[in-house]
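The values are calculated or read from the model by the stated rules, or taken from the named source; none is laboratory data. Keep in mind that what you see is a predicted model, and the values were worked out from it rather than measured. Using ideal geometry, Cβ is built from the backbone for each residue, glycine included, and neighbour counts are taken over all protein chains shown.
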Amino acid sequence: MSKIFVAGLGAVSPAGWNVAALRDALDKGEPLPTQTVARPGWEKPLQARLVPNPPARPKFLTHPRLRRTSPVTHYAAAAALEAVAALRAHPAAKNFRLGIVVCLQSGCVQYSCRFYDETLKNPATASPMIFPETVYAAPTSHVAALLENVVLAYSLVGDPSAFLQGVALGAQWLEENRVDACLVIGAEETNWIIADALWHLDRPAIAAAGAGALCLCRDPKLSTGVELAAVTDAHTYSARQDRTQAAQAMRVQLGKNSSGELLCDGIGNSPRADAAERAAWSDWAGSRVSPKRILGEGLMAAAAWQCVAACDAVGSGKFSAASVSLVGSNQQAIGARFVRADFDISHLSAAATTGNIRP
Amino acid sequence: MLFPLKPLPVAPPRVVITGAGIVTALGLGWKLNAAGFRAGRRAFRPVTLFDVSRQRVKIAAEVDLPKVLPATQLNRRQLERLDRAGTMLVLAAQEAWQQAGWEAAENLPLVLGTTAGGMLFGEAYYRQALHQPQRQRRQAIRAIHYQPQVQARMVLDALGFSGPITILSNACASGSNAIGHAWELIRCGQAERVVAGGYDALGEMVFSGFDSLQALSPTTCRPFDARRDGLALGEGAAVVNLETLESAQRRGAEILGELTGYGTSIDGHHLTQPHPQGNTTLTVMKQACASAGIAPGEIDYLNAHGTGTLLNDSSEALAINEWAGRRAATLPVSSTKASIGHLLGGAGAVEAVVCLMTLREQWLPPEIEFETPDLACKFPIVNRPQDTRVNVALSNSFGFGGVNATLILRRWA
C-alpha cells in the first residue's frame, strides 16, 4: 500500500487568487465583506461574497480553450495551476501522467442561466457558443487542456462532501498506478439564482464562489510535508440514517483526536444547517477553523477550502494533524485526516501560519 | 474507510451482471426494448414535453411513463417529488434489482452517470424566479431535487439499501464511466457488489442547446451514413447490478453477462469536437481490450457511440479502422442511437444493456435507415435484423469535454 502525499495546494476565494490570501483571511478571522447581487423582481438585493478581480489578468486566459469560459473554469484553472506549480517545476515530475477530478455541486450556473434565458426568449437565437460551457464537464475539459499531460479525468457531482470522495478517487488512481499525480479540484461560481436558492434553503448563508485544489502524489520527495492519513466512509443520508446520525458516524470513524490537532469544520452561520455537525463535534476541545464563517457558503469550493486550510496548517508545521469534517447538505457526511509526513521535511520552505484558531 | 484503501486483491475478481433494467422510448423494461432493438424500430415522434415551435428540429425519442409507478419503498411525498429523470431512474433500478434478486443491504455503492440530473426542476425554478418572483411555492423543493444526488437517494430509499453515492458527470460518457467505475470498485476489492447506471431526461434547455449547435438532424438520424446530418435526442435510463462471480455463484444467481474490460481517457482537442483521427477513442478501445485480455479479432459486435454527426462518426470510424485492423472488414458495427436517439448521460448505460441483450439473445441491433456507408467506414454497418453468434461485445461512449469510455462485455454461457 502506497502512502499518499500532498504535493501542492491552490485556492481562489473571496479573499483572493491564491492560498496566501485564503490563509490571511482565515488568520484574521473576520468575515469578509459582502457584495450585493440583484434579484430579479425584488427591490432588496441578495448578499454574496464574490471573488475579487485578480490583480492582473491571469496568463492562462490567453490559452485558446479558455477564451469564452465561465468564472468557474477560471477559478478551477487558477487553483489547479497553483497546486501543480511546484510539481511542474520539479525535474522528476517532468513526464508525469496527471489525473484530475473536478468536483462540483451547482457547476456552470452563469452560462446555464444565460443560455436558458435566451432559449425562453427565442431559441432560434440562443447562442451556440454558450451552451457547451453549461455542462458540468466543461471546467474539467478546459483544465485538462491547459495542463496538457492529463490522462484521466472525472467530473464528480454531489453535495460538498463529495470533495472527499474525489480525494479518495485520486488516491485510488495513484494506488493503482494509473497516474503519477492527481489534482482534486472543488469549484463553484455564483450568481443571483444560487443566492436565491440559498435564501430558500438556508437563509443565513451567504453565497460565495471560488475553488480549491489539492495535488496528490506518491513520491514523498515531491510532498509539501503533508500526508493523507484517512478518508472515512461516505455516510449517506437515507430513510434509515438522518444527517445527525451520519455526522456522528463520520466523527466516530475519525476516532479520538490528539490535543495538538486542528479541526477544519464546515460550520457557517446557520443554526439549523449546522446543527448536525455541531452535535458531532460537541466534545472537540482542540483548535478549530471554520472557513465558511469567513468566506461564505462556497458549496464544493468551500469543502475544498477546508481541505486546503487543513493541509496548509499541517504543512506549515503549526499542527501535527488536521481533521476535515464535511457534513453535506443532502447527500452524506465524510471526514478526512491529514498528518505531518514522517520524513525529514527540513528542505521545505516554512509556510506562514494558518489561523482563525478558536481554542 | 475510503482511504486507506483495502489491499488490492492478488488477482482481480471476475465481475458479472446479474440484473439489468432499461427505460427508453422503445418501452419500459428488457422485453420491450429487446424486441424494439432487434427489429431496429425507431422511436422518434414530435416533441410534446415542451414548446419546440421555434426550434429548428421538432422531434425526439420521448419515453411514455406509466401514470402509476410499480410499488417501491418510496412514500407518497417522495413519489410526488420524482421528475421524469428520477422516475426513469427508479424504474430501471427497480427492474435490475428485482432481476438480480438482491435484498436490502448496507454499504452497497451506487454509481450513476448523468449530465443533467434533475434539470427539469432547475428549469421550473428559473422560470418561476424570473416570471413570478414573489411566488415562493415549491421553489425550495426544486432547489433540492434538481441535484442528482437527491435523485440517487431516491433509488436507495425505493429499493431499501444504503451506501455511498457517486455521481459522474463526464457528459455523454457518464453512463459508461459509471459502470466502468463500478467495475473498478469491485476489481480492486473496494466492494463485492455495486449498483451502477446512467440516466437523463429530455429538457428544453438541452434540446435547445443541441439545436443551437445545429447538431440535431433535421431529417433522419443515420449514424455512419454518408448522408448523415446530425443526431437525434432521446431520454432514458439503464441500471445494472454488478457483483463478483463468486458472489453470484454463491447466491445461485442467474448471470446475464460478464463485464470484462473498461478503458477511459480524455481528449484535450476541443470542448465539443473529437480529435479528427480519434486518437483517444483508439486509446480507450485498446485499454479496454488490454484489461479484458482480448484482441480486436475476438469482438463479435461493436456498439458505436455513433451519434450521427459528421465529426463524431468520421473520427470514431477512423479509430475503429485502426484499432480493428484486418478485422474491421468483417466486424459488425451499429449505433442504437438510430433507434432511441442520444440519451446523453444515460447513453452509455443503455447501450451496455443493449450489448447484454445481444449477448443473451444472439442478435444484432440494426440501423434500419442506414443506406450509404461513409467512405471512412471500413467496417459493415448492421442495417437489417440479424440473428448471429455474439460472444463478446464492445460499447463506445464519448462526451463533450473529451472524456471517452469503452466497455467490453462477454456472453455468459
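Quick notes
- Selection count where residues are in contact (Cβ under 8 Å) with a residue 60 or more places away in the chain, in contact with a Ser or Thr (Cβ under 8 Å, 6 or more places away or on another chain) and more than 20 Å from B:VAL382 (Cβ to Cβ), scope the stretch B:292-333: 2
- Restricting the stretch B:308-336 to residues that are polar (S, T, N, Q) and crowded, with 24+ Cβ neighbours inside 10 Å, the residue that is farthest from B:ARG38 (Cα to Cα): B:SER315
- Selection from the stretch B:130-145 of residues that are at the interface with another protein chain (Cβ under 9 Å from one of its Cβ atoms) and surrounded by 22 or more Cβ atoms within 10 Å (Cβ to Cβ): B:ARG142, B:ALA143
- Only listed residue being out of contact with any helix residue (DSSP H, G or I) (no Cβ under 6 Å at 6 or more places or on another chain), surrounded by fewer than 23 Cβ atoms within 10 Å (Cβ to Cβ) and touching a residue at least 24 places away in the same chain (Cβ under 8 Å), chosen from B:ARG227, B:ARG222, B:ARG127: B:ARG227
Here is a yes/no grid of residues against (1) over 21 Å from B:LEU343 (Cα atoms); (2) of a type in the set (Lys, Arg):
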{"site": "B:ARG84", "(1), (2)": "no, yes"}
{"site": "B:MET88", "(1), (2)": "no, no"}
{"site": "B:ALA93", "(1), (2)": "no, no"}
{"site": "B:ALA100", "(1), (2)": "yes, no"}
{"site": "B:ARG137", "(1), (2)": "yes, yes"}
{"site": "B:ALA140", "(1), (2)": "yes, no"}
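- Residue within the stretch B:205-219 that is among the hydrophobic types (A, V, I, L, M, F, W, C), over 22 Å from A:CYS113 (Cα atoms) and under 18 Å from the mean Cα position of the chain (by Cα) present: no
- Considering the conditions (1) of a type outside the set (Lys, Arg); (2) at pLDDT 95 or above; (3) crowded, with 24+ Cβ neighbours inside 10 Å, B:GLY402 is excluded by exactly one of them, (2).
- The single condition among (1) within 24 Å of A:GLN332 (Cα to Cα); (2) more than 7 Å from chain A (Cβ to nearest Cβ); (3) not in a helix (DSSP H, G or I) that B:VAL155 does not satisfy is (3).
- Of the candidates A:THR69, A:THR73, the single residue that is more than 15 Å from the chain's Cα centre (by Cα) and assigned by TED's automatic domain parsing to the domain that holds A:GLY170 is A:THR69.
- Among the residues making up the stretch A:135-156, those that are farther than 17 Å from A:LEU174 by Cβ and either among the small types (Gly, Ala, Ser) or in contact (Cβ under 8 Å) with a residue 40 or more places away in the chain (or both) are A:ALA137, A:ALA138, A:PRO139, A:THR140, A:SER141, A:HIS142, A:VAL143, A:ALA144, A:ALA145, A:LEU146, A:SER155.
- The set of residues in the stretch B:47-97 being under 17 Å from the mean Cα position of the chain (by Cα), closer than 24 Å to B:LEU156 by Cβ and not hydrophobic (A, V, I, L, M, F, W, C) consists of B:ARG84, B:GLY86, B:THR87, B:GLN94, B:GLU95.
- Answer from A:VAL84, A:VAL51, A:VAL37 - the residue that is assigned by TED's automatic domain parsing to the domain that holds A:VAL179, more than 22 Å from the chain's Cα centre (by Cα) and β-branched (Val, Ile, Thr): A:VAL37
- In the stretch A:12-39, the qualifying residues are those that are assigned to a loop (DSSP other than H, G, I, E, B) and either modelled with pLDDT under 95 or among the charged types (D, E, K, R) (or both), and the one that is surrounded by the most Cβ atoms within 10 Å (Cβ to Cβ) is A:ARG39.
- Scanning the stretch A:205-225 for residues that are under 23 Å from A:GLY16 (Cα atoms) and either free of Cβ contacts under 8 Å to residues at least 40 places away in the same chain or more than 14 Å from chain B (Cβ to nearest Cβ) (or both) yields A:ILE206, A:ALA208, A:ALA209, A:GLY210, A:ALA211, A:GLY212, A:ALA213, A:CYS215, A:THR224.
- For the stretch B:289-316, a tally of residues being in a helix (DSSP H, G or I) and touching a helix residue (DSSP H, G or I) at 6+ places or on another chain (Cβ under 7 Å) returns 5.
- Residue match in the stretch A:84-107 (condition: part of a loop (DSSP other than H, G, I, E, B), within 13 Å of chain B (Cβ to nearest Cβ), small (Gly, Ala, Ser) and out of contact with any Phe, Trp or Tyr (no Cβ under 8 Å at 6 or more places or on another chain)): yes
- Residue within the stretch A:137-146 that is surrounded by fewer than 24 Cβ atoms within 10 Å (Cβ to Cβ) and assigned to a helix (DSSP H, G or I) present: yes
- Flag if A:GLN253 is assigned to a helix (DSSP H, G or I), outside the structural domain of A:TYR154 (by TED's automatic domain parsing) and out of contact with any helix residue (DSSP H, G or I) (no Cβ under 9 Å at 6 or more places or on another chain): yes
- Scan of the stretch A:170-192 for residues that are buried (at least 24 other Cβ atoms within 10 Å of the Cβ) and closer than 25 Å to A:LYS292 by Cα, ordered by number: A:GLY170, A:LEU183, A:VAL184, A:ILE185, A:GLY186, A:ALA187, A:GLU188, A:GLU189, A:THR190
- Taking (1) more than 10 Å from chain B (Cβ to nearest Cβ); (2) at pLDDT below 95; (3) at negative phi; (4) over 22 Å from the mean Cα position of the chain (by Cα) in turn, A:GLN241 satisfies each apart from (1).
- Scanning the stretch B:237-288 for residues that are of a type in the set (Gly, Ala, Ser), part of a helix (DSSP H, G or I) and under 18 Å from B:GLU103 (Cα atoms) gives B:SER247, B:ALA248.
- Members of the stretch A:164-192 that are more than 10 Å from chain B (Cβ to nearest Cβ) and over 18 Å from B:LEU5 (Cβ atoms): A:LEU183, A:ILE185, A:GLY186, A:ALA187, A:GLU188, A:GLU189, A:THR190, A:ASN191
- Any hit, the stretch B:317-340, residues being out of contact with any helix residue (DSSP H, G or I) (no Cβ under 9 Å at 6 or more places or on another chain), in a loop (DSSP other than H, G, I, E, B) and under 30 Å from B:GLN99 (Cβ atoms): yes
Listed here are the residues, each with its yes/no results for (1) aromatic (Phe, Trp, Tyr); (2) over 18 Å from the mean Cα position of the chain (by Cα).
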position	(1), (2)
B:LEU359	no, no
B:LEU364	no, no
B:PHE370	yes, yes
B:PRO380	no, yes
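- Residue in the stretch A:60-80 that is away from every other protein chain (no Cβ under 14 Å), of a type in the set (Ser, Thr, Tyr), touching a residue at least 40 places away in the same chain (Cβ under 8 Å) and under 21 Å from A:TYR136 (Cβ atoms) present: yes
Residues checked against (1) modelled with pLDDT of 95 or more; (2) more than 14 Å from every other protein chain (Cβ to nearest Cβ):
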position	(1), (2)
B:PRO9	no, no
B:PRO13	yes, yes
B:ALA25	yes, yes
B:LEU65	yes, yes
B:VAL68	no, yes
B:ALA71	yes, yes
